[in-house]
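Q: Let me begin by handing over the structure; questions about it come next.
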Amino acid sequence: MKKLNRILIVGAGEAGAALVNDLRQRGLGNGIAAFVDDDPSKPGTTVSGIEVRGGTSDLPVICSELEITDVIIAIPSAKTSLINRITSKVLSCSRSINILFVPSAERFFDTVPIFPSLREFSYSDLLGREEFSINLDIMENYFRGKSVLITGGGGSIGSEICRQLLKFNVKKIIAVGRGENSIYNLIKEMDEYSRLMPGRMPETVYMIADVRDRRGLARVFRHSRPDIVFHAAAHKHVPLMESNECEAFQNNVLGTDNTLSLSAEYGVSRFILVSTDKAVRPTNVMGATKRICELITAYYHNEKKLNTSAVRFGNVLGSRGSVIPLFMEQIEKGGPVTVTDPEITRYFMSIPEASLLVINSAAISKGGEIFVLDMGEQYRIDDIARRMIELYGFTPDRDIKIEYTGLRPGEKMYEELFYNRDSMDRTGNESILTLHNDSRKLSADDYCEIIETVKDGIYDMDGDSVRRFIKKFVPEYVY
């Protein structure tokens, strides 16, 4: 996050007041210039000693008069239309202004500092600010006092699970990652909470380990003894994995099996696989390997009596490899913005929302489920590109060109979260569905063949052989 200087806070409610307190604790209180709020009773008053200067329609004038460098939108309940309006006002200012958001997920909580949750403006919230629900009491009761291990702890979803778990009074967080830079970045973010939550932080352990290395991973389990495991480590980049089939298969499948077998060996009470919509009728190696991971996860529940579940969801906004940061980079360079096809659509959800719903799924799991997050509508990628260009103040196809490049290897025109809507049941949370008739099961022979191959023979296979091997166990896989 960039260094804050002259700060204007949009939203003079509870979140705004809490943010002022957080900023003051960090020694940034003198940089807070004013509030703006659309409540007609607030302009001219003060909140936490800071004047409310006007409403959001006054943003360009106020930003100019006060020489604002940073605008923080502290309205976690704001819908997309309001965020669009505020952002457009700020972007219309003659000066360059850094925009930050309080994520919509923060509206559920008032027990942790807001400041470390701030996200730099990335257009993510322009799509993912609609209503979703969580079973807060169930989550608080289940996770309180537990030790939780997260593989892929430095990744987009894994690191956000770590941050969100701070809200549920867990005893210990064990963040496991292969890349030291991503884990180091997580440490810096968690340290922000430590400074603002003295005496309230759980014990947090950061481990560098590769899920493919069972001996190294076993050492992590032996020392940490987790109650709950979230397995988020995986190769996820669809086109890249199309030309790295062996690596995708070994990392995703062997990594999942190692984590499952150690969870069973060390008495883990609940294992949650972070899966993907691309596991449904897969057309790419990545999605097909994740479908095998789902089958292996179910095998451990059925045959090893380990309490397991999987959670499927679509694209998360702002993650590494996401289309949103790519479009921002292309627009800032003057274009062109590249879209694969004018009709291609995708589901999107913000990283905090997806992570909270994964945690919620774990809390309500009885074992054996495939949970599916209700991702809402699918968005046309072309519409997103055009909206982003307009928010930068340009006209699509005139100021910034859009180029259609064609589908990349393994890509679908649209995504699916389940095979048949009729096979889905509602849970106690309207944002979480569960699959009730996933009839495909691995036999003991199937399981042994997969694991023996991934351990001993996968690197002796060419790409086509890997695909044929996958199709043996995922017959709906099309390549």
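Q: Which members of the stretch 36-91 meet the condition of being among the polar types (S, T, N, Q) and in contact with a helix residue (DSSP H, G or I) (Cβ under 9 Å, 6 or more places away or on another chain)? I'd like the intermediate steps shown before the answer.
A: First, pick out the residues of the stretch 36-91 that are among the polar types (S, T, N, Q): 41, 45-46, 48, 56-57, 64, 69, 77, 80-81, 84, 87-88.
Correct list: SER48, THR56, SER57, THR69, SER77, THR80, ASN84, THR87, SER88.
Q: Another question, then. Being touching an Asp or Glu at 6+ places or on another chain (Cβ under 8 Å), crowded, with 16+ Cβ neighbours inside 10 Å and of a type in the set (Ser, Thr, Tyr) is the requirement here; does THR69 meet it?
A: Working: touching an Asp or Glu at 6+ places or on another chain (Cβ under 8 Å): no; crowded, with 16+ Cβ neighbours inside 10 Å: yes; of a type in the set (Ser, Thr, Tyr): yes.
Spelling it out, it is not the case that THR69 is touching an Asp or Glu at 6+ places or on another chain (Cβ under 8 Å), crowded, with 16+ Cβ neighbours inside 10 Å and of a type in the set (Ser, Thr, Tyr).
Q: Looking only at the stretch 190-229, which residues are farther than 11 Å from GLY154 by Cα and either in contact with a Cys (Cβ under 9 Å, 6 or more places away or on another chain) or hydroxyl-bearing (Ser, Thr, Tyr) (or both)?
A: Answer for the stretch 190-229, where residues must be farther than 11 Å from GLY154 by Cα and either in contact with a Cys (Cβ under 9 Å, 6 or more places away or on another chain) or hydroxyl-bearing (Ser, Thr, Tyr) (or both): MET190, TYR193, SER194, THR204, SER224.
Yes/no per residue for (1) over 30 Å from MET349 (Cβ atoms); (2) aromatic (Phe, Trp, Tyr); (3) modelled with pLDDT of 85 or more:
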{"site": "TYR414", "(1), (2), (3)": "no, yes, no"}
{"site": "ASN420", "(1), (2), (3)": "no, no, no"}
{"site": "ILE432", "(1), (2), (3)": "no, no, yes"}
{"site": "ASP445", "(1), (2), (3)": "yes, no, yes"}
{"site": "MET461", "(1), (2), (3)": "yes, no, yes"}
{"site": "LYS472", "(1), (2), (3)": "yes, no, yes"}
{"site": "TYR479", "(1), (2), (3)": "no, yes, yes"}
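Q: Quickly run through the stretch 431-461 and pick out the residues that are in contact with a helix residue (DSSP H, G or I) (Cβ under 8 Å, 6 or more places away or on another chain), free of Cβ contacts under 8 Å to residues at least 40 places away in the same chain and over 15 Å from ILE296 (Cα atoms).
A: Hits for the stretch 431-461 are HIS436, ASN437.
Q: Moving on to the next point. Tell me the strands (runs of 3 or more DSSP E) entirely within the stretch 341-408 that contain at least 1 residues that are under 30 Å from MET424 (Cβ atoms).
A: Answer list for the stretch 341-408: 345-350, 370-373, 378-380.
Q: Report, by residue number, each residue of the stretch 128-182 that is within 13 Å of the chain's Cα centre (by Cα), outside any helix (DSSP H, G or I) and either surrounded by fewer than 21 Cβ atoms within 10 Å (Cβ to Cβ) or in contact (Cβ under 8 Å) with a residue 40 or more places away in the chain (or both). Explain how you work it out, then say what you get.
A: So in the stretch 128-182, the residues within 13 Å of the chain's Cα centre (by Cα) come out as 128, 152-164.
Among the residues that remain, those that are also outside any helix (DSSP H, G or I) are: 128, 152-155.
GLY128, GLY152, GLY153, GLY155 - these are the residues of the stretch 128-182 that are within 13 Å of the chain's Cα centre (by Cα), outside any helix (DSSP H, G or I) and either surrounded by fewer than 21 Cβ atoms within 10 Å (Cβ to Cβ) or in contact (Cβ under 8 Å) with a residue 40 or more places away in the chain (or both).
Q: Can you give me the number of residues within the stretch 187-239 that are of a type in the set (Lys, Arg) and assigned to a helix (DSSP H, G or I)?
A: 6
Q: Return the total of residues in the stretch 194-233 being under 27 Å from GLU452 (Cα atoms), touching a Leu at 6+ places or on another chain (Cβ under 9 Å) and small (Gly, Ala, Ser).
A: Total meeting the criteria: 3.
Q: Another question about this same structure. Are any residues in the stretch 72-102 assigned to a loop (DSSP other than H, G, I, E, B) and crowded, with 21+ Cβ neighbours inside 10 Å, and if so, which ones?
A: Hits for the stretch 72-102 are ALA74, ILE75, PRO76, ALA78, VAL102.
Q: Please determine, by comparing only the residues of the stretch 228-277 that are of a type in the set (Val, Ile, Thr) and at pLDDT 95 or above, which one is farthest from MET349 (Cα to Cα).
A: VAL268
Q: Another question about this same structure. Answer yes or no: is there a residue in the stretch 278-295 that is out of contact with any Leu (no Cβ under 8 Å at 6 or more places or on another chain), of a type in the set (Gly, Ala, Ser) and within 23 Å of ALA363 (Cβ to Cβ).
A: Among the residues of the stretch 278-295, at least one is out of contact with any Leu (no Cβ under 8 Å at 6 or more places or on another chain), of a type in the set (Gly, Ala, Ser) and within 23 Å of ALA363 (Cβ to Cβ), which makes the answer yes.
Q: Which of the residues spanning the stretch 1-16 are crowded, with 19+ Cβ neighbours inside 10 Å and part of a helix (DSSP H, G or I)?
A: ALA15, GLY16
Q: Go through the residues of the stretch 329-337 one by one and say whether even a single one is over 30 Å from ASP446 (Cα atoms), assigned to a strand (DSSP E or B), not aliphatic (A, V, I, L, M) and not assigned by TED's automatic domain parsing to the domain that holds GLU106.
A: Checking the stretch 329-337: not a single residue is over 30 Å from ASP446 (Cα atoms), assigned to a strand (DSSP E or B), not aliphatic (A, V, I, L, M) and not assigned by TED's automatic domain parsing to the domain that holds GLU106.
Q: Here's a follow-up. Can you pull out the residues in the stretch 347-373 that are surrounded by fewer than 20 Cβ atoms within 10 Å (Cβ to Cβ) and touching a residue at least 60 places away in the same chain (Cβ under 8 Å)?
A: ILE364, GLY367, GLY368
The values are calculated or read from the model by the stated rules, or taken from the named source; none is laboratory data. Every value quoted in this text rests on a predicted model; they were computed, and no experiment measured them. All Cβ positions, even for glycine, are placed from backbone atoms using ideal geometry, and neighbour counts span all protein chains on display.
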